[in-house]
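A quick write-up on the structure given underneath.
The values are calculated or read from the model by the stated rules, or taken from the named source; none is laboratory data. Just so we're clear, the structure is a prediction, and the values are computed from it rather than from any experiment. Please note: Cβ atoms are built from the backbone with ideal geometry, for glycine as well, and neighbour counts cover all protein chains shown. Side chains are part of the model used for accessible areas, which takes the heavy atoms of the whole protein and leaves out ligands, DNA and RNA. Shrake-Rupley method; radii C 1.70, N 1.55, O 1.52, S 1.80 Å.
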Amino acid sequence: MDDKFDGPLLGILQSCGELEPFLEVMLGFLYRKTDFYRPLSADQTMGFPEGVAKEKLLKVFGKFQKLASIAHSPPATHPPTPPATPGLLATSQQSSVSPKQQMVSPAPTPAPNVTAVAIKEEIQGDWSTCNWDHHNGGVTEQYAWSQTAQDVELKLALPNPSIKASDLKIDIKAHSIKVQMKEEADMKTVLEKKLHSSVKPEESMWSLLKGECIQVSLEKGRDGYWWTAMFEGDAEVDIKEIDTTRYVSEFPQEEQACVQKLMYDQQQNRQGLPTSDEQKTEDILRKAWNAEGSPFAGQEFDRSKINLSNSALPETFGT
């Protein structure tokens with residue numbers, strides 16, 4: 001997570017005094033100096049299609065909300081988890097409540113990797129006291145990873161709890177990740193591997209959970225594609241064990257609207273009430289009911305005279 005702008009931003013925040021004016025300054029800048037709020041039209045090449053700018057804003061908000069919830073979550077109170085055994089990969093059992101219980105299933109030993117050996121010697125994270133999430137992912141002696149339909153999260157153990165963010169350099173590319181840590185005057189590479197699948201570097205970020213781990217949040221290059229390993233050459237998780245459930249909030253804005261409409265229409269049908277399309281049609285007919293030339297002009301609207309069940313606009317009125 002880049003902190004090089006903290007100085008100027010803190011100055012703006014102190015000048016504003018409160019959070020809301022500060023947010024107005026940030027969004028006002030986008031309004032005045034960029035095309036962030038400009039709707040894209042057929043005769044323009046700048047701007048965003050309707051809803052896309054808002055979706056991007058909520059997406060960034062959601063990323064930091066997730067980081068905050070992890071950083072401020074209370075420590076685990078259950079018994080410590082034993083260290084992972086080399087050559088064994090812990091995968092999550094599918095559960096309708098929460099993936100808190102894991103099973104250990106044998107997996108093929110990955111090919112020898114010089115970088116992996118270096119990490120094992122350098123990083124001595126205490127796995128017996130860490131309860132890192134690896135839902136739909138796995139855990140090794142060096143790191144744990146988890147995934148949703150859209151994102152992958154990697155947690156890497158620290159050599160010592162005193163490491164600061166300024167001691168780290170993390171390079172995220174479309175198909176690889178490189179982690180360097182400051183050692184005396186030099187930067188030492190402790191992890192450099194090819195990812196199982198592509199990611200979007202510009203939508204990915206990392207942060208330091210002080211005294212615990214490095215957390216890297218990656219946005220998948222292919223939405224809905226489920227990874228079977230974090231890195232190439234790693235033991236793979238069983239694709240059948242992956243919980244592919246997706247929440248409505250994880251879908252793009254347009255798809256969320258479609259799902260919510262379907263759910264609403266189903267509820268209306270169960271209660272014998274008009275669906276959203278039928279309600280729109282009825283609104284049009286109400287306006288036409290008293291229009292000039294209508295045979296019903298001056299009469300109270302009577303829905304029973306109209307058949308709305310078979311078409312968006314009925315061909316005839318009932319008699």
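Output the peptides 175-181, 52-58 sorted from most to least packed, where packing is the average of other Cβ atoms within 10 Å over each peptide's residues.
Highest to lowest by the protection proxy: 175-181, 52-58.
Sorting Met187, Met263 by accessible area (1.4 Å probe), largest first, what list results?
Order by accessible area, largest first: Met263, Met187.
Take the residue pairs Lys220/Lys280; Lys56/Lys287; Lys33/Lys59 and return only those whose Cα atoms are more than 29 Å apart.
Lys220/Lys280; Lys56/Lys287
Give the carbon-plus-sulfur fraction of the accessible surface of the stretch 137-212 in %, rounded to a whole number; probe 1.4 Å, heavy atoms of protein chains only.
44 percent
Whole number in Å², please: accessible area per residue of the stretch 154-240, 1.4 Å probe, ligands, DNA and RNA not counted.
Averaged over the residues of the stretch 154-240, the accessible area is 49 Å².
So, taking all protein chains as they sit and a 1.4 Å probe, how much accessible area belongs to Tyr225, in Å² rounded to tens?
Estimated to the nearest 10 Å², Tyr225 gives 70 Å².
By average Cβ neighbour count within 10 Å, what is the ranking of 211-224, 16-29, 144-157 from highest down?
Packing order, densest peptide first, comes out as 144-157, 211-224, 16-29.
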